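Accompanying notes for the structure given below.
Since every read-out is calculated from the coordinates, none of them should be taken as a lab result. If you're wondering where the values come from, they're calculated on a predicted model, not measured in any experiment. Neighbour counts run over all protein chains shown; Cβ positions are idealised from the backbone, glycine included.
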Amino acid sequence: MYMLVEKRTNSHLHLKRSPGIRSWSLCVGIASIGLAAAYYSADSLAWKLFYMAGCFFVAAQNLEQWEEAVFDKNKGTICLKTFNLYKKILTLSKGGNEQVVAALSEIRDVNVEEECVRYFGKGYLVVLRFVTGFSHPLTQSAVLGCRSDVEAVAKLITSFLELDRVETPQDFSQSSETEASDADEPQVKY
C-alpha cells in the first residue's frame, strides 16, 4: 500500500505511510543475525554486545520512514512530515523529524513518476508540481510494483485540490490579461 487515508473531509485530507512488511522483515532478519551471533559466540560479553548493537543499528538504518501528508484548505497549506528511527537514534532524539510546508495554491499538478530501484525493478511515487517549476515527491521512497495504488492516491489528491476541473469561459477571460490588448491589434494573415 502506498499511503492510507487517515482522515478526509471537504477541507482536510490526511494521508499516512508506515514501514511496509518488506522493511519490517529485513529489520527483524538483521536484528536476529546479531542475536544469533551473540548467543552462539564464545567471545567475551563486550564482543557479544558489539554484535547485537551493530546489527540493531544496521536494522534501524534499513527501516523505512513514517510519512504523513496533511492537506488543509482552511489554512491553505500542505504539510509533509517524515519520521526516521535511524536519525532519531543517531541524534539522541533531537532529530529524525523533518517537515516541509507549502501553500496549496502553489500546486499546479500531481503526477505519478516511475523510478528505477536497483536490483528490484521499477518503483512509483506521487510528485507534486508547483507553479515555480519546482517538484517535490509526496513520499521519500517509491513503492515497488503497485502503480495502481499510487495512481489512486494521485487521483485522490487531484480531486481534493480540484486540479481536474475544467475551466469555464469566465475563468479563461479572467486568466488572460493580454486578451483585450490582442483584440486591439490588427490581424495579419499570411
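Any lysines with Cα under 20 Å of the Lys88 Cα? List them, leaving off those in the same chain fewer than 8 positions away. Cross-link targets: Lys16. For a straight C-alpha distance cut-off of 16 angstrom, the lysines reachable from Lys94 (same-chain residues fewer than eight places away being disregarded) are Lys81.
At a Förster radius of 22 Å, what calculated FRET efficiency corresponds to the Cβ-Cβ distance of Glu151 and Ser11, to the nearest 0.05?
With R0 = 22 Å, the Cβ-Cβ based efficiency is 0.35.
Length gained on full extension, Lys75 to Asn97: 5.8 nm, using 0.36 nm per residue less the C-alpha separation. Peptides 54-61, 122-129, 2-9 ordered by packing proxy, namely the average of other Cβ atoms within 10 Å per residue, highest first: 122-129, 54-61, 2-9.
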